[in-house]
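Engineer: Below is one structure. I have some questions about it.
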Ligand code: MLT
């Protein structure tokens, strides 16, 4: 009989968004005539930009001719895409070497898989509330997690406690689910703390393209010293609408080296390269051609049009909450609006209430951690029409309470 990874027993039965999908499917089956509006999972609805489509077509065309056909690609990603991403960083004022960039199918996989590089015997700090992949993937690996509370008092931006040692620190900015963004000074405190503790920061910047204030850092490498302590994860899912197309990347600087227990100096870059070339055969050439086009100036301008559309949806949601006197966070440098459940309701109870009475789906804050239990998240990634209709229903329901 195989001995199983019994740490799986410590997980909730379903991944957050699988549980939501399950509940919505059950509701829809029982009420087939109701129009359910989904503002739960952060899944985009706008079509890809014209440049991305051209890039994808170019990739498809290349596959159809013996002269240009591509087989297995480099596990790290094609140089053309790594260089395009490096140039994108440079346009945002940050220097990242193309050699340090690894292409993948998305930040979900990378933020989940990275934990394989670390032993079980580490102090792992994870904000609460936060994207559940960090927590679940560490639980799967039998790792112990120390949580850092994000709450209204600290603006959902936990800061380090200098008296507590950590080895691995997860940060997500703009934060999923709260929309809170660290400024440069705050990130500098984290970088200094990580260097002092010889810790590694795992920095998820999947929502960086939503930042509108040029003073706010879109990358942790905007902070001096970060290449000595941080790995950055990013994705085209939200930037370019690639949730279905699938492409992401992470930056593992070659400066990140640590001395192992036997005295050998180990490089996280070399380890990640070893891991990826063993377990991953790369993102498809076609998708990488589409991604390359996204990172052109014209491609990014087209992405920004879609982002502006979602930002207008966020304003529609925020206006409704303001009108109802509900306290909320986010929605400015982030596609997510995070608000207090009315009357102090528990978030799953509010989820059921909203689904049953307004046929609107959101995400219960408890799914992102204990500190989210009385909060709720709505995404601005819906269509304008559905967002307006959802908020009309929401207002009607809650104004009557
Ligand atoms: C979310 O809704 O939090 C995200 O869409 C999930 C993800 O990016 O995997």
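Engineer: Which pairs have Cβ atoms under 6 Å, sit 6 or more apart or on different chains, and link a residue in segment 231-250 that is more than 19 Å from residue 76 (Cα to Cα) to one that is part of a loop (DSSP other than H, G, I, E, B) and more than 11 Å from the ligand (Cβ to nearest atom)?
Structural biologist: So the pair list comes out as 241/46; 241/48.
Engineer: Another question, if that's okay. For segment 276-285, which residues satisfy the criterion of being crowded, with 17+ Cβ neighbours inside 10 Å, out of contact with any helix residue (DSSP H, G or I) (no Cβ under 6 Å at 6 or more places or on another chain) and part of a helix (DSSP H, G or I)?
Structural biologist: If the condition is that a residue be crowded, with 17+ Cβ neighbours inside 10 Å, out of contact with any helix residue (DSSP H, G or I) (no Cβ under 6 Å at 6 or more places or on another chain) and part of a helix (DSSP H, G or I), then 276 is the only one that fits.
Engineer: Testing residue 382 on (1) more than 21 Å from residue 157 (Cβ to Cβ); (2) assigned to a helix (DSSP H, G or I), one condition comes back false. Which one is that?
Structural biologist: With (1) more than 21 Å from residue 157 (Cβ to Cβ); (2) assigned to a helix (DSSP H, G or I) applied to residue 382, the lone miss is (2).
Engineer: Now, a different point. Would you mind stating whether residue 254 is part of a loop (DSSP other than H, G, I, E, B), within 16 Å of the ligand (Cβ to nearest atom) and in contact (Cβ under 8 Å) with a residue 12 or more places away in the chain?
Structural biologist: no
Engineer: Please work out which one of (1) in a helix (DSSP H, G or I); (2) touching a strand residue (DSSP E or B) at 6+ places or on another chain (Cβ under 9 Å); (3) within 30 Å of residue 8 (Cβ to Cβ) is the condition residue 234 fails and give its number.
Structural biologist: (1)
Engineer: I need the full set of residues from segment 42-57 which are farther than 22 Å from residue 84 by Cβ and surrounded by fewer than 18 Cβ atoms within 10 Å (Cβ to Cβ), in order please.
Structural biologist: If the condition is that a residue be farther than 22 Å from residue 84 by Cβ and surrounded by fewer than 18 Cβ atoms within 10 Å (Cβ to Cβ), then 43 is the only one that fits.
Engineer: While we're looking at this one, here's another question. Of all the strands (runs of 3 or more DSSP E) wholly in segment 107-211, which have at least 1 residues that are in contact with a strand residue (DSSP E or B) (Cβ under 8 Å, 6 or more places away or on another chain) and within 13 Å of the ligand (Cβ to nearest atom)?
Structural biologist: 168-172, 200-204
Engineer: Moving on. Kindly establish whether residue 61 is part of a helix (DSSP H, G or I) and over 27 Å from residue 279 (Cβ atoms).
Structural biologist: yes
Engineer: Does residue 2 satisfy the condition of being in a loop (DSSP other than H, G, I, E, B), under 30 Å from residue 269 (Cα atoms), more than 16 Å from the ligand (Cβ to nearest atom) and out of contact with any helix residue (DSSP H, G or I) (no Cβ under 8 Å at 6 or more places or on another chain)?
Structural biologist: It is false that residue 2 is in a loop (DSSP other than H, G, I, E, B), under 30 Å from residue 269 (Cα atoms), more than 16 Å from the ligand (Cβ to nearest atom) and out of contact with any helix residue (DSSP H, G or I) (no Cβ under 8 Å at 6 or more places or on another chain).
Engineer: One residue is enough: does segment 109-129 have a residue meeting the conditions without any contact (Cβ under 8 Å) to a residue 24 or more places away in the chain and touching a helix residue (DSSP H, G or I) at 6+ places or on another chain (Cβ under 8 Å)?
Structural biologist: No - not one qualifying residue is present in segment 109-129.
Every number in this text was worked out from the coordinates using simple rules, so none of it is lab data. Note that the coordinates shown come from a computational prediction; the quantities given were computed from them, not determined experimentally. Glycine gets a Cβ as well: all are built from the backbone with ideal geometry, and neighbour counts include every protein chain shown.
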